[in-house]
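Data first, discussion second: the structure below is written as structure tokens.
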Amino acid sequence: MASDFGGRAYPEARAVAGHLIALVADRDYAALSAELSPLVQSPGSSLSRPALYGDVLTWIVTALADVVVARLGAAADGESFVLEVRTTAGRTVGAGDLPPGQGRVGRSVLALLADDRAAARAQLAAAERESDPALRATTLVEALVWLNAMLDAETSTFPDLPPR
């Protein structure tokens, strides 16, 4: 996995992403909301910063994939990572089974872990083109919360560590 996938090196995106993850870690949701508002406006809106939205989301998704590999190791030949989400009804759903507007973060991370940059780019581009600001915000917050949780998690809390 390339550590500079899709523009992750852009300094402004790194700075904004770092600031947003700090707000999540500090549980400063009022400030997070104020920072997200201009980022998640529909492309073409006068308040919109859509290119920055895509760069920030790409940085966070790539960081998530990097943290997964750092915590669990790379998948061995013939193996792959699986992401399952538990719904509010208690059902377990695979990332690929979620509706197109949902699960983009999970599908992007899984694509990066499988070294499928084209699939990751497609998911991230779809998120960037999304016209609904609420869905754009939900996607970005999902990525932020997941990254924060991964950074705070003890490796030993994962149920199935891959063989070494």
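Of the residues making up the stretch 118-147, not one is open to solvent by less than 20 Å² (accessible area, probe 1.4 Å) and out of contact with any helix residue (DSSP H, G or I) (no Cβ under 8 Å at 6 or more places or on another chain).
Exactly one residue out of S42, S80 is of a type in the set (S, T, Y), open to solvent by 40 Å² or more (accessible area, probe 1.4 Å), touching a residue at least 24 places away in the same chain (Cβ under 8 Å) and more than 15 Å from E142 (Cβ to Cβ): that is S80.
Taking the stretch 61-82 as the range and being in a helix (DSSP H, G or I) and at pLDDT below 90 as the test, the residues that pass are V68, V69, A70, R71, L72.
Could you check the stretch 20-45 and list, in sequence order, the residues that are of a type outside the set (A, V, I, L, M, F, W, C) and under 15 Å from the mean Cα position of the chain (by Cα)? Walk me through it before giving the result.
Step one: list which residues in the stretch 20-45 are of a type outside the set (A, V, I, L, M, F, W, C), which gives 26-29, 33, 35, 37-38, 41-45.
Correct list: empty.
Filtering the stretch 98-117 to residues that are in contact with a helix residue (DSSP H, G or I) (Cβ under 8 Å, 6 or more places away or on another chain) and either loosely packed, with under 15 Cβ neighbours inside 10 Å or of a type in the set (K, R) (or both) leaves P100, G101, R104, R107, R117. When the stretch 85-119 is filtered for residues that are among the small types (G, A, S) and part of a helix (DSSP H, G or I), the ones remaining, listed by number, are A95, G96, G106, S108, A111, A118, A119.
The values are calculated or read from the model by the stated rules, or taken from the named source; none is laboratory data. For clarity, every value in this text was computed on a predicted model and none was experimentally measured. Counting neighbours? That spans all protein chains shown, and the Cβs are built from the backbone with ideal geometry, glycine included. What goes into the accessible areas is simple: the full protein's heavy atoms, side chains included, and nothing from ligands, DNA or RNA. Shrake-Rupley method; radii C 1.70, N 1.55, O 1.52, S 1.80 Å.
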